[in-house]
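Please treat every number below as a calculation from the coordinates, not as lab data. As the structure is a prediction and not an experimental result, all values here were calculated from the model. All Cβ positions, even for glycine, are placed from backbone atoms using ideal geometry, and neighbour counts span all protein chains on display.
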Amino acid sequence: MTFGFPPGLDQLAPQARDLYIRDLKSVAGIEKLRFFPLAVESGFGCTLVEAGGRELLDLTATWTAAGLGHGHPRVVEAMTQAAKRPPGAGGLSAAHPDSVGLAEDLLALVPGAGDRRVYLGHAGSDACDVVIRASRFATGKKRIVGFHHSYHGGIGVAMAASGVHVEAGSVTADPLTTFVDYPNPYRPPSTDPSGPEAALRASLGQVEAALAEGDVACLMFEPILADGGMVVPPPGFLRGLEELCHRYDTLLVCDEVKVGLGRPGMMHAFQLDGATPDLVCFGKVLGNGLPLSAAVGPAEILDGPSAAALLTTAGNPVCTAVGRTVLRVLQEEQLPERARRAGERLRAGLEQLQNERIGDIRGHGLANGVELVADRDSKVPDKKLAAATVYRAFELGVVVYYVGGNVLEVTPPLVISDAEIDRAVEILGQSIDDAAAGKVPDAVVAAYAGW
Ligand SMILES: Cc1ncc(COP(=O)(O)O)c(C=O)c1O
């Protein structure tokens, strides 16, 4: 073992090991979430290239940010052309064709009525944060309703209103946020035998009670609870939220940052349930790896107060040129439809896996979760197995992470081929089998805390 460093480094190529050790010694731990010693030099399509040259199949798309695949030629071209044209920064104090153009493109892409505006930012975090602050300011109401195990950001109010962060103790909960249960069809309330319907009723009941208390500026929700465990809500959930928000005069904010823009097998995940939110947040794939986010909503919410959400390089022309290209590629290459078909093939393959520790397989398009449990009867979540499985997959040549403690998150780039899907299924199956058979030593897994 390399003395003083986490186990597993000895198995890496020398270049990967050296890079990982330099990273350990230089980059702050506060911004790391590691599952195995991944040291990447480049990538193409659904492939990540480790330092030293080993090729890995990427089932994460970098937490969905590289949704069009690594180094998509049209994205590279848009970025290169934009970088050659000054100014290198814009938006804050000047209009620029690409930032204005991206805002117009998003207005055309997102359903909604009346006079609307687009906030352009750097990350899903600031888009969600700004929407919460703007909703409070415009409505004069102070409370927010959100969900346990939700994720809306790693900064500001968006972080303090994120169940995942609050539960982990990495931030104090926003004192004016009420957290309620997200409906989980696999884990409905134990007292009710009617399964998903019971989960739906219980969740909407809690939402209604929270809204009825009054003074709620907005309700924040993820159309699929992603970092909380890739939980697909029962049909009717989004429409139920919409109906309640209308009844209690509360803004409905849909956070599409992680699973939106083609990944669910349609352009927007809120379309799964035919709902129309008041505000929608985007990030990740919008920049295909460059820092870019957006929020779309009513002018009366997003126009004021002026100069209250200032990031010097927000809306910068390189990122917004890429954002425009991403939206075009999504439509021209029919990636939502490709994601729908690829997801069906992926889930059909996963369903064939025999391991009894697979409790549930769920998803829409290429937003998928594989929940690992102690056994199918007890459904006890098996976090250790999830950690060992992703470690073993890395050894076997696949990059996959887990969310919600025990759920493998399978979110490859939308351009994944059938052959890559079949390879993914095979290696995931092998990894679960090997991890369940104890082939990954506990000490190795323990060194990578994950979350
Ligand atoms: C649903 C959701 N919203 C917001 C964010 C924050 O995005 P970012 O990390 O790009 O700031 C994330 C990140 O995982 C997310 O999953």
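Computed from phi, the 3J(HN,Hα) profile of the stretch 399-404 under the Karplus parametrisation 6.51, -1.76, 1.60 (θ = phi - 60°) reads 9, 8, 10, 10, 10, x Hz, with x in place of Gly and Pro. Remark: the chain projects, on average over all directions, an area of 21.0 nm² (convex hull of Cα atoms). Largest first and in whole Å, the equivalent-ellipsoid semi-axes of the stretch 74-332 read 32, 20, 16, each the square root of five times a Cα gyration tensor eigenvalue.
Database remark: amide H of VAL40 closer than 5 angstrom to the amide H of ALA51 (H placed geometrically; neighbours at sequence offset of 5 or more, or on other chains; Pro and chain starts carry no H).
Working from Cα pairs under 8 Å separated by at least six residues, relative contact order for the stretch 218-305 is 25 percent. For ARG117, nonlocal amide neighbours, meaning residues 5 or more places apart or on other chains whose placed amide H falls under 5 Å from its own, are GLY297, ALA299. For LEU225, the residues whose amide H sits under 5 Å from its own are VAL231, ignoring neighbours fewer than 5 places away on the same chain, with H placed 1.01 Å from N. For the stretch 136-209, the set of trypsin sites (Lys or Arg not before Pro) satisfying both a DSSP loop assignment and a count of at most 16 other C-beta atoms within 10 Å is given as LYS142.
What does the charge count around ARG17 come to, taking other residues whose C-beta lies under 15 Å from its C-beta (Lys +1, Arg +1, Asp -1, Glu -1)? Charge balance in the 15 Å sphere: -2.
Remark: the stretch 267-273, residue by residue, has Karplus-estimated 3J(HN,Hα) of 4, 10, 5, 5, 6, 3, 10 Hz, where x stands for each Gly or Pro and the curve is 6.51 cos²θ - 1.76 cosθ + 1.60 at θ = phi - 60°. All Cα-Cα distances of the stretch 27-170, cut into 5 Å bins from zero to the largest, leave 2, 7, 10, 14, 17, 17, 16, 11, 5, 1, 0, 0 percent in each bin in turn. Taking a straight Cα-Cα cut-off under 19 Å and skipping sequence neighbours fewer than 8 places away in the same chain, the aspartates and glutamates within cross-link reach of LYS258 are GLU31, ASP58, ASP126, ASP129, GLU222, ASP227, ASP273, ASP278, GLU337, GLU371, GLU409. The alpha-carbon of LYS439 sits under 19 angstrom from the alpha-carbons of these lysines, leaving out residues fewer than 8 places away in its chain: LYS383, LYS384. A Cβ-based charge dipole, computed about the Cα centre of the chain with Lys and Arg at +1 and Asp and Glu at -1, lands at about 660 debye. Once the Cα-Cα distance is subtracted from the 0.36 nm per residue extended length, the GLU344 to ALA374 segment shows a gain of 8.2 nm. Charge tally around ARG133: other residues with Cβ under 14 Å, Lys/Arg +1 each, Asp/Glu -1 each, net 0. By the count of neighbouring beta-carbon atoms within 10 Å, fewest first, LYS84, LYS379 end up ordered LYS84, LYS379. Each Lys and Arg adds +1 at its Cβ and each Asp and Glu adds -1 at its Cβ; summed about the Cα centre, the stretch 74-332 shows a dipole of about 620 debye. FRET efficiency for the pair ASP303 and GLU351, taken as 1/(1 + (r/R0)^6) with r the Cβ-Cβ distance and R0 = 56 Å, rounds to 0.70. Could you tell me the calculated FRET efficiency between ARG54 and ILE155, based on Cβ-Cβ distance and R0 = 35 angstrom, to the nearest 0.05? The formula returns an efficiency of 0.55 here. Distance between the C-alpha centres of the stretch 218-240 and the stretch 120-182: 15 Å, rounded to the whole angstrom. What percent does the relative contact order of the chain come to when contacts are Cα pairs within less than 8 Å and at least six residues apart? Dividing the mean separation by the residue count of the chain yields 21 percent. Over the chain, DSSP H runs of length four or greater, each weighted -39,500 (n - 2.57), average out per residue to a 222 nm ellipticity of -11500 deg cm²/dmol. In order along the stretch 100-109, phi translates into HN-Hα couplings of 5, x, 5, 4, 5, 4, 5, 4, 6, 7 Hz, rounded to whole numbers, per the Karplus curve 6.51 cos²θ - 1.76 cosθ + 1.60 with θ = phi - 60° and x for Gly and Pro. Placing pseudo-labels 7 Å out from each Cα toward the beta carbon at GLU332 and SER194 gives an inter-label distance of 5.0 nm. Projecting label points 7 angstrom from Cα along Cα→Cβ for ASP422 and TRP451 puts them 3.5 nm apart. Count Lys and Arg as plus one, Asp and Glu as minus one, and take only other residues whose Cβ is under 10 Å from that of ILE358; the net charge is then -2.
Across the stretch 74-332, the relative contact order, built from alpha-carbon pairs under 8 Å that are at least six residues apart, equals 30 percent. If the chain between GLN430 and LYS142 were fully stretched, how many nm would it gain, using 0.36 nm times the residue separation less the Cα-Cα distance? 98.7 nm is the gain from fully extending GLN430 to LYS142. Between ARG239 and PHE44, the C-beta separation translates, for a Förster distance of 56 Å, into a calculated FRET efficiency of about 0.85. Computed about its Cα centre, the charge dipole of the stretch 1-131 is approximately 180 debye, with only Lys, Arg, Asp and Glu carrying charge at their Cβ. Residue exposure proxy: THR177, THR139, THR320, ordered by other Cβ atoms within 10 angstrom of their Cβ from fewest to most, comes out as THR139, THR177, THR320. Taking other C-beta atoms within 10 angstrom as a stand-in for reagent exposure, VAL49, VAL157 fall in the order VAL49, VAL157, fewest first.
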